Each structure stands twice: as structure tokens, then as C-alpha cells.
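Following: one structure in C-alpha cells, then a few remarks.
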Amino acid sequence: MAQIDIEVLTPFAARFLEGTTLTPAERAEVLRIAQGFACKDSAAAAGVSPETIRARRKRIYRKLDVPGSGELLASLLSLSLKMLAKGERIEPRPVVPAQPQAQTQPGASSPAAGLR
């Protein structure tokens, strides 16, 4: 499953999570939920089991008083739109130039092979 780059939502998520009792791991999970990570993918990214992610998500929903991920995302996006409507400034994210990835074909030598 493709994940969404939500760096633009990071400042809004930080504001959304202010004053919550979420742990750092739970805060990171909120961002992965917003990116569309499934439990299995999120577990791999966090280096924990899918069951740990399921339990973590249940705690997040309980702490934020939302029934599920859809409502969590709706609340986050609602706050984002309200902030933008008020003209609140957000920190611009730094522009990182994309690194071209070398594509190698099976059996082809790598570019580093000639440096030996």
C-alpha cells in the first residue's frame, strides 16, 4: 500500500496533539495513521509487532475520544483548515532536493564496481 507524504501536516499535527497525554510512540503512530499505514506496515516501520500497533491505536483512540482512524483524521484536517482560515502561520518545511535513484538491471555491474 502506498503511503502519503504528510510532512505538510506535521505542524498541524503538532498543534492537534498539544495538551494530550499521548506518549512519543503514540504521537508517531498518529502520523503513520495519517499517512495511511496499515497496522502491519506501521509495525515494520516502528520495529514492533502488529499486535503492539493495534493496542497502541486503541489507546490513541481512547485518549483522544474518537471511535477510529477516520474520525481522528477528520479532526486533524478540521483543525488544519481552521488554522489556515484564521491565517495562522506554520513553519515552512525545508526543501530537500530529490535524490535520483540509480536503477540497475539484473546482471549489470553497479556504478561502484568501477571504483575498486
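Tabulated data
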{"quantity": "Residues that are in a helix (DSSP H, G or I), more than 17 Å from GLU18 (Cα to Cα) and at pLDDT 95 or above, drawn from region 58-70", "calculated": "LYS58"}
{"quantity": "Inter-residue pairs, beta-carbon under 8 Å, first under 18 Å from ALA25 (Cα atoms) and in region 61-79, second in a loop (DSSP other than H, G, I, E, B), 6+ apart", "calculated": "TYR61/PRO67; TYR61/GLY68; LYS63/THR20; LYS63/THR21; LYS63/LEU22; LEU64/THR20; LEU64/LEU22; LEU72/VAL66"}
{"quantity": "Count of region 25-45 residues which are outside any helix (DSSP H, G or I) and within 9 Å of the chain's Cα centre (by Cα)", "calculated": "2"}
{"quantity": "Residue match in region 5-17 (condition: of a type in the set (Phe, Trp, Tyr), in contact (Cβ under 8 Å) with a residue 40 or more places away in the chain and out of contact with any Lys or Arg (no Cβ under 8 Å at 6 or more places or on another chain))", "calculated": "yes"}
{"quantity": "Restricting region 18-53 to residues that are among the charged types (D, E, K, R) and under 20 Å from ALA74 (Cα atoms), the residue that is surrounded by the fewest Cβ atoms within 10 Å (Cβ to Cβ)", "calculated": "GLU18"}
{"quantity": "Breaking point among (1) more than 16 Å from the chain's Cα centre (by Cα); (2) crowded, with 17+ Cβ neighbours inside 10 Å, for LEU79", "calculated": "(2)"}
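The values are calculated or read from the model by the stated rules, or taken from the named source; none is laboratory data. Note that this is a predicted model, so its numbers are computed, not measured. Virtual Cβ from ideal backbone geometry, glycine too; neighbours counted across all protein chains shown.
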